[in-house]
Amino acid sequence: EQGTDHARLFANYRNTFKPAAFDFSLAENEGVLDPETSRSYEGGLKVRAMQGRVEVEASAFQMDFENLVTATVINNQPALINSGKTRFKGYELGTDVRLPYSLLARVTYSFHDGKFVDFVQAFDGVPTQLAGKRFEMSARHLASGGLVLSPDHGITASITANYTGDRYLNKRNSALAPSFTTVDAGVG
């Protein structure tokens, strides 16, 4: 079917359950954690056009978690805790374009909005509601673009730039890490 043009809609729903976990940490938090549950929804469109030379995919998603197990620090020791209710939602876009001379151009973009919906955690002995705060280490914007040379015979090569947007390093969203870009290149 290479080269066959088409448009396809897709949708997905999942309802999951993960049994209780045990925290074997050195902190005084040892014990059985609550089971994790989640509901996720995803939908999108995949299109192939111009005799298969152009492919585009777009999707949107939402994932609702209860009791997601996350890392924390208790008495200066790493530990695990349940993080109440969290929600991850967003969309993703990507396209591949087949160019002359065995070149492929690829561009992607993702918007991820991961937030606490209802989670109270003690900081220095003070219970703090984290609802509305971004989930730590979760970049909102991700993007990439690159070229791949892949002939049937001979030299292959690629170059890709990857952008990672800013993200918070902690649950209270008080330490913001800046965005960064990396470039990968290869020859074979």
Here the FRET efficiency for residue 105 versus residue 75, based on Cβ atoms and R0 = 41 Å and rounded to 0.05, is 0.20
Cβ-Cβ cut-off under 15 Å around residue 92, Lys and Arg +1, Asp and Glu -1: the net charge is -1
Residue by residue through segment 72-80, the couplings from Karplus 6.51 cos²θ - 1.76 cosθ + 1.60 with θ = phi - 60°, in Hz, x for Gly and Pro, are 8, 10, 10, 6, 6, 10, x, 8, 10
Here the relative contact order (percent) of the chain, from C-alpha pairs under 8 Å and at least 6 apart, is 14
Between residue 98 and residue 61, the FRET efficiency computed from the C-beta separation at R0 = 22 Å comes out, to the nearest 0.05, as 0.20
Taking R0 as 41 Å and r as the Cβ-Cβ distance between residue 33 and residue 187, the FRET efficiency 1/(1 + (r/R0)^6), rounded to the nearest 0.05, comes to 0.30
Long-range share for segment 63-188, i.e. C-alpha pairs more than 26 Å apart as a percent of all pairs, stands at 42
Segment 70-161 accessible area per residue, 1.4 Å probe, protein heavy atoms, integer Å², reads 57
Residues whose modelled amide H sits under 5 Å from the amide H of residue 119, counting only those 5 or more places away in sequence or on another chain, are 85, 130, 131
The local net charge around residue 172, scoring Lys/Arg +1 and Asp/Glu -1 for residues other than residue 172 whose Cβ lies under 15 Å from its Cβ, equals +3
For segment 51-169, the percent of accessible surface on carbon and sulfur atoms (probe 1.4 angstrom, ligands and nucleic acids excluded) is 58
Pseudo-spin-label distance residue 15 to residue 141, built 7 Å along Cα→Cβ, given in nm, is 3.8
Around residue 103 (Cβ within 12 Å, Cβ-to-Cβ, excluding residue 103; K/R +1, D/E -1) the net charge comes to +2
Counting only backbone N atoms under 13 Å from a point 7 Å out along Cα-to-Cβ of residue 150, the residues of segment 65-96 in range are 96
Two pseudo-spin positions, 7 Å from Cα along C-beta at residue 179 and at residue 4, lie apart in nanometres by 4.0
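The values are calculated or read from the model by the stated rules, or taken from the named source; none is laboratory data. All of these numbers come straight from a predicted model, not from anything done at the bench. Methodologically, a virtual Cβ is constructed for each residue, glycine included, from the backbone with ideal geometry; neighbour enumeration extends over all protein chains shown. Note: accessible area is taken over every heavy atom of the protein model, side chains too, but ligands, DNA and RNA are not part of it. Shrake-Rupley method; radii C 1.70, N 1.55, O 1.52, S 1.80 Å.
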